[in-house]
Structures are given as structure tokens and as C-alpha cells.
Amino acid sequence: MKNKVLTEIYVAQLDETFNVYLPLNKNIANSIELICKAISEYKRIEKINYNNLALYNRETSLKYIPNLLIKESNIRNGVRLILM
């Protein structure tokens, strides 16, 4: 999977961690939307409102800029992220 990175994402709203592939050609905002939709379907819960959520690096607490492409960020295979 050359066009995706495998990440570990802690979703604070659910207090759960998920392994998620993020497409390199999507920006952070689109990735957050995809993550929320996928988790909502997987958990069979009401859709998670992603409008006010942000993605953070779990090790450095760095908040990712919504318009930044995944491939332009420091998000790589194995990185641990927080969605809150």
C-alpha cells in the first residue's frame, strides 16, 4: 500500500484506539471526515460530528493543519495520533 500509511488513532470521544490507513493524497480535514465515517459504521453508532475535531500527534502534541496533505506532514506508518 504505497499510497496509504497505517496509523494508530486514539479517539478521545469514544476512549478507544483504532488502526487506520490514511491516504497520502488527502488533506487532514478530509482524513478526519473519513475516520469518523468509518468508525461510525464499524461501531454501528450515530455519526460522529467531525466539524470541530482536530488531529494531533500523540507523542509531540502537535496539532495538524486541516489543509495539510498527509504526504506533506510527518504522519508515517506507525505514528500514534489523537482525534479530539
Margin query: Just to check your reading of the model, which residue among E33, E72 is of a type in the set (D, E), surrounded by 12 or more Cβ atoms within 10 Å (Cβ to Cβ) and modelled with pLDDT of 95 or more?
Written below: E72
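Condition test on N57, is it modelled with pLDDT of 90 or more, open to solvent by 90 Å² or more (accessible area, probe 1.4 Å) and polar (S, T, N, Q)? Walk me through it before giving the result.
Working: modelled with pLDDT of 90 or more: yes; open to solvent by 90 Å² or more (accessible area, probe 1.4 Å): no; polar (S, T, N, Q): yes.
Against the criterion (modelled with pLDDT of 90 or more, open to solvent by 90 Å² or more (accessible area, probe 1.4 Å) and polar (S, T, N, Q)), N57 does not qualify.
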Margin query: Looking only at region 60-81, how many residues end up being within 16 Å of N27 (Cα to Cα) and in contact (Cβ under 8 Å) with a residue 60 or more places away in the chain?
Written below: 4
Checklist line | K43 being without any contact (Cβ under 8 Å) to a residue 24 or more places away in the chain and touching a strand residue (DSSP E or B) at 6+ places or on another chain (Cβ under 9 Å) | finding: no
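The values are calculated or read from the model by the stated rules, or taken from the named source; none is laboratory data. This is a predicted model, so every value here is computed, not measured. Heads up, the Cβs are rebuilt from the backbone with ideal geometry, glycines too, and the neighbour counts pull from every protein chain shown. Quick note on the areas: whole protein, heavy atoms, side chains included, nothing else; ligands and nucleic acids left out. Shrake-Rupley method; radii C 1.70, N 1.55, O 1.52, S 1.80 Å.
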